[in-house]
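Reviewing the structure listed below.
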Amino acid sequence: MTRVWPSVDALVIKAVDAVIDHTIRPLATTVDEDATFPAEAIAELAREGLGVMLMPSALGGADTSTATYAEALARISAACGSTSTVYMTQMHCAHPIHLQGSPEQVEKWVPRLCSGTAVGSIALTEPGAGSDVGTMRTLARRDGDDYVISGEKTFISNGDRADVVVLFASVDFAKDKHGVTAFLVETEGLEGFTVGRPMKKLGQTGASTVTLALQDCRIPASSRLGAEGDGYPLLLQSVLRSRISAAAQGLGFAEGAYDATVTWASERGLLSSRASAAQDLQFELSRLRGEITSARAMLMSVCDTVDSSDEEPVAEVSLVKMHCTALGTRVSATCVELLGMDGDKVSVGVERRLRDAKIAEIYDGTNQIQSVLVARDINGAAKAGRPAR
Ligand SMILES: Cc1cc2nc3c(=O)[nH]c(=O)nc-3n(C[C@H](O)[C@H](O)[C@H](O)COP(=O)(O)OP(=O)(O)OC[C@H]3O[C@@H](n4cnc5c(N)ncnc54)[C@H](O)[C@@H]3O)c2cc1C
């Protein structure tokens, strides 16, 4: 049995590893090279009851700890970045529905997202509103028993496949973030709803990312998620989980690059104590292993805090998002260098981890934004005379 952090369910991880070995890893290079949506892997994870593992089992989830989810996502990411992003987006859609949906909304969508019979997206970002989502310009105007929504969302993961989109719009721009409201937009046959072509991207090429345009889209008022103005607090709660996802990905990308480098070095006899000319490489691998081990401990400990504390650990989640996603880029860049020209070879797979890792520093709140949140926390602690840590 794999050795795991105490709050991680080893049986769940064993099941995840089986899907990785059977489908995710064998398809990873093709998914990246051909920018193929990893539908097969997502279907297999769902068949194994791992579709959206943080959801309650009564709704088709696996009811796992946050640490189990993060460990699973790190392993999926180590094998295939595209699959990990598509997979986590299902959770990012199910989570706000579960948090704030009516019983009917939850019953309708969460089991489908868990079973993989529906694909979900979450749409916050707009061409002019990324980090500062309070400035969003998608308008939801109440009209009798309906809302009429117009605006544009961009960089929406899974958006071209989505059956349902948790969409954030303003009901009143004058109210700034207090006007932000969430809606469950069912895409099938929705008039005025247009999906852009999947963007060509640096990494995670199989995870489609699109623009969604809404031109006077009429949806029933019953599609609102919570009350008018409840969207911003919901958004803050949602990003706390999606930042855990990004952190797990960063750890996974670092591990994927490290594992590929160890295999490469071992095949060349560079790891034995007799290979003294390769001592620099061996020392560097030892250092990277230490970095990965400490990042995993940090991630797992923050996950345990998320599950056990009454208050959301906002600064801790930002710190781990920042730390692990930067680790993904740093470790994979080092591995590219260690391999010399083979670092640039697609068949070795290290360059893919570097491309996949870089983007995780941007989404779910850029690492600069995480620094802003942590700095705010330090200031608050200092003013209150608490230790700023
Ligand atoms: C692959 C990918 C998938 C994505 N998937 C989704 C999705 O599914 N749904 C969704 O809604 N969005 C998604 N996004 C969008 C993502 O969340 C945004 O890109 C991110 O929030 C940053 O917004 P922005 O790109 O508009 O950058 P901007 O906000 O324009 O920022 C530009 C630069 O300025 C810096 N900056 C901005 N404000 C500050 C500040 N106050 N202090 C210091 N620095 C600052 C930023 O750190 C950044 O370096 C995705 C993005 C990518 C790349």
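Key figures for this structure:
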read-out	value
Subset of region 175-186 [touching a strand residue (DSSP E or B) at 6+ places or on another chain (Cβ under 6 Å) and more than 15 Å from Thr138 (Cβ to Cβ)]	Glu186
Positions within region 109-120 being assigned to a helix (DSSP H, G or I) and more than 16 Å from the ligand (Cβ to nearest atom), in sequence order	Trp109, Val110, Pro111, Arg112, Cys114, Ser115
Residue list for region 121-145, filter: more than 10 Å from the ligand (Cβ to nearest atom) and either surrounded by fewer than 21 Cβ atoms within 10 Å (Cβ to Cβ) or small (Gly, Ala, Ser) (or both)	Gly134, Arg137, Leu139, Ala140, Arg141, Arg142, Asp143, Gly144, Asp145
Residues within region 168-209 that are closer than 14 Å to Ser223 by Cβ, more than 14 Å from the ligand (Cβ to nearest atom) and buried (at least 16 other Cβ atoms within 10 Å of the Cβ), tallied	6
The listed residue being within 23 Å of Thr261 (Cβ to Cβ) and within 18 Å of the chain's Cα centre (by Cα), out of Ile20, Ile97, Ile42	Ile20
Leading residue by the ranking (nearest to the chain's Cα centre (by Cα)) among those in region 181-201 that are in a loop (DSSP other than H, G, I, E, B) and closer than 20 Å to Arg224 by Cα	Thr187
Single match in Ser332, Ser371 (criterion: in contact with a helix residue (DSSP H, G or I) (Cβ under 9 Å, 6 or more places away or on another chain), among the hydroxyl-bearing types (Ser, Thr, Tyr) and within 16 Å of the ligand (Cβ to nearest atom))	Ser371
Cross-chain or 6+ apart pairs with Cβ under 9 Å, region 358-377 first and among the basic types (Lys, Arg), then within 6 Å of the ligand (Cβ to nearest atom) and outside any helix (DSSP H, G or I)	none
The one condition in (1) within 16 Å of the ligand (Cβ to nearest atom); (2) among the polar types (S, T, N, Q); (3) part of a loop (DSSP other than H, G, I, E, B) that Thr85 fails to fulfil	(3)
Selection count where residues are farther than 28 Å from Met88 by Cα and in contact (Cβ under 8 Å) with a residue 24 or more places away in the chain, scope region 340-357	1
One residue from Thr30, Thr2 being loosely packed, with under 14 Cβ neighbours inside 10 Å, out of contact with any Cys (no Cβ under 8 Å at 6 or more places or on another chain) and at pLDDT below 95	Thr2
Search result, residues across region 48-98 that are acidic (Asp, Glu), surrounded by fewer than 24 Cβ atoms within 10 Å (Cβ to Cβ) and under 15 Å from Ile20 (Cβ atoms)	Glu48
Contacts under 8 angstrom Cβ, first residue in region 137-156 being without any contact (Cβ under 8 Å) to a residue 60 or more places away in the chain and farther than 11 Å from Leu214 by Cβ, partner away from the ligand (no atom under 16 Å from the Cβ) and among the aromatic types (Phe, Trp, Tyr), 6 or more apart	Arg137/Phe173; Arg141/Tyr147
Helices (runs of 4 or more DSSP H) enclosed by region 278-375 - at least 2 residues per element that are among the acidic types (Asp, Glu) and farther than 15 Å from Ala78 by Cα	279-308, 314-338
Some residue of region 99-108 being surrounded by fewer than 16 Cβ atoms within 10 Å (Cβ to Cβ), among the hydrophobic types (A, V, I, L, M, F, W, C) and either within 26 Å of Asn367 (Cβ to Cβ) or in contact (Cβ under 8 Å) with a residue 60 or more places away in the chain (or both)	no
Filter result for Glu284 (at pLDDT 95 or above, surrounded by fewer than 22 Cβ atoms within 10 Å (Cβ to Cβ), in the same structural domain as Leu319 (by TED's automatic domain parsing) and touching a helix residue (DSSP H, G or I) at 6+ places or on another chain (Cβ under 9 Å))	yes
Candidates Val148, Val165, Val106 - the one that is within 13 Å of the ligand (Cβ to nearest atom) and β-branched (Val, Ile, Thr)	Val165
Among (1) touching a helix residue (DSSP H, G or I) at 6+ places or on another chain (Cβ under 6 Å); (2) among the aliphatic types (A, V, I, L, M); (3) in a strand (DSSP E or B) - the single one Leu240 does not satisfy	(3)
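The values are calculated or read from the model by the stated rules, or taken from the named source; none is laboratory data. Please read all numbers here as calculations on a predicted model, not as lab measurements. Reconstructed Cβ throughout: ideal geometry from the backbone, glycine too, with neighbour counts over all protein chains shown.
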